[in-house]
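The values are calculated or read from the model by the stated rules, or taken from the named source; none is laboratory data. Since the model is a prediction, treat every value here as computed from it, not as a measurement. All Cβ positions, even for glycine, are placed from backbone atoms using ideal geometry, and neighbour counts span all protein chains on display.
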C-alpha cells in the first residue's frame with residue numbers, strides 16, 4: 001500500500017500536465033510522466049522531515065471549522081470595507097503557542113493567513129510566540145482563544 005501513496009503525487013502531476021496542455025497525446029503523457037517523476041525526485045531532498053498526521057477525523061473536523069471561519073471572516077471583512085461608518089481597530093498582537101511540530105505550525109500559518117482579516121507575521125526564535133496582525137482587533141482575548149482552542153488544539157492532536 002505504501003507504493004500506491006508514493007505514486008499519488010506523480011499521478012496528479014501527470015493529470016495536471018495533460019489538462020494544462022489540453023492534449024492527451026502519447027507524447028504529452030510520456031513527457032508528463034517523465035516530468036512528474038523528475039519533480040517528485042527533485043523535491044524529495046527539499047523535505048527532509050516528513051509529516052506524520054495521526055487523526056484523520058480531527059483533521060476533517062478542523063477543515064469544517066476553518067471553512068466556516070473563512071466564510072464568516074469574508075462576511076465580516078466585507079462589512080468593514082463596504083460599510084464605511086463602522087469603527088475598525090487594526091493592530092498587532094502576540095499569541096503564546098504550545099505546538100512545536102513544524103508541520104502543525106505551517107498549517108496554522110496557512111489557516112491564519114487564508115482567513116481574511118488576519119495575517120501570520122512571525123514566529124519568535126524560540127517558537128513559542130506568534131506575532132499576528134488582525135484587521136479588526138477589538139478583543140485580544142477572543143483572538144487568543146480562537147487560535148489556541150479552535151486551531152492549535154486540533155493541530156496538536158493531528159501532528160503531535
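As for segment 27-39, it holds at least one residue that is closer than 28 Å to residue 113 by Cα and in contact (Cβ under 8 Å) with a residue 12 or more places away in the chain.
For residue 14, the conditions (1) touching a residue at least 12 places away in the same chain (Cβ under 8 Å); (2) outside the structural domain of residue 149 (by TED's automatic domain parsing); (3) within 28 Å of residue 160 (Cβ to Cβ) all hold with the exception of (3). Within segment 136-143, one or more residues are part of a helix (DSSP H, G or I) and either in contact (Cβ under 8 Å) with a residue 60 or more places away in the chain or surrounded by 13 or more Cβ atoms within 10 Å (Cβ to Cβ) (or both).
Of all residues in segment 40-65, those that are closer than 26 Å to residue 13 by Cβ, touching a residue at least 24 places away in the same chain (Cβ under 8 Å) and assigned to a helix (DSSP H, G or I) total 2. Selection of segment 35-59 for residues being surrounded by 10 or more Cβ atoms within 10 Å (Cβ to Cβ) and either closer than 23 Å to residue 111 by Cα or under 21 Å from the mean Cα position of the chain (by Cα) (or both) yields 40, 43, 44, 51, 52, 53, 54, 55, 58, 59.
Could you tell me how many of the residues in segment 123-132 are touching a residue at least 12 places away in the same chain (Cβ under 8 Å) and either outside the structural domain of residue 88 (by TED's automatic domain parsing) or over 15 Å from residue 108 (Cβ atoms) (or both)? Talk me through it step by step, then tell me what you get.
First, the residues of segment 123-132 that are touching a residue at least 12 places away in the same chain (Cβ under 8 Å): 123, 127-132.
With either outside the structural domain of residue 88 (by TED's automatic domain parsing) or over 15 Å from residue 108 (Cβ atoms) (or both) added as a condition, the list becomes none.
Qualifying residue count for the region: 0.
Consider segment 124-140 and keep the residues that are more than 18 Å from residue 88 (Cβ to Cβ) and at pLDDT 90 or above. The one that is farthest from the chain's Cα centre (by Cα) is 129. Examine segment 105-121 for a residue that is surrounded by 12 or more Cβ atoms within 10 Å (Cβ to Cβ), touching a helix residue (DSSP H, G or I) at 6+ places or on another chain (Cβ under 6 Å) and on the phi > 0 side of the Ramachandran plot, and state whether such a residue exists. Checked against the condition, which is being surrounded by 12 or more Cβ atoms within 10 Å (Cβ to Cβ), touching a helix residue (DSSP H, G or I) at 6+ places or on another chain (Cβ under 6 Å) and on the phi > 0 side of the Ramachandran plot, segment 105-121 yields at least one hit.
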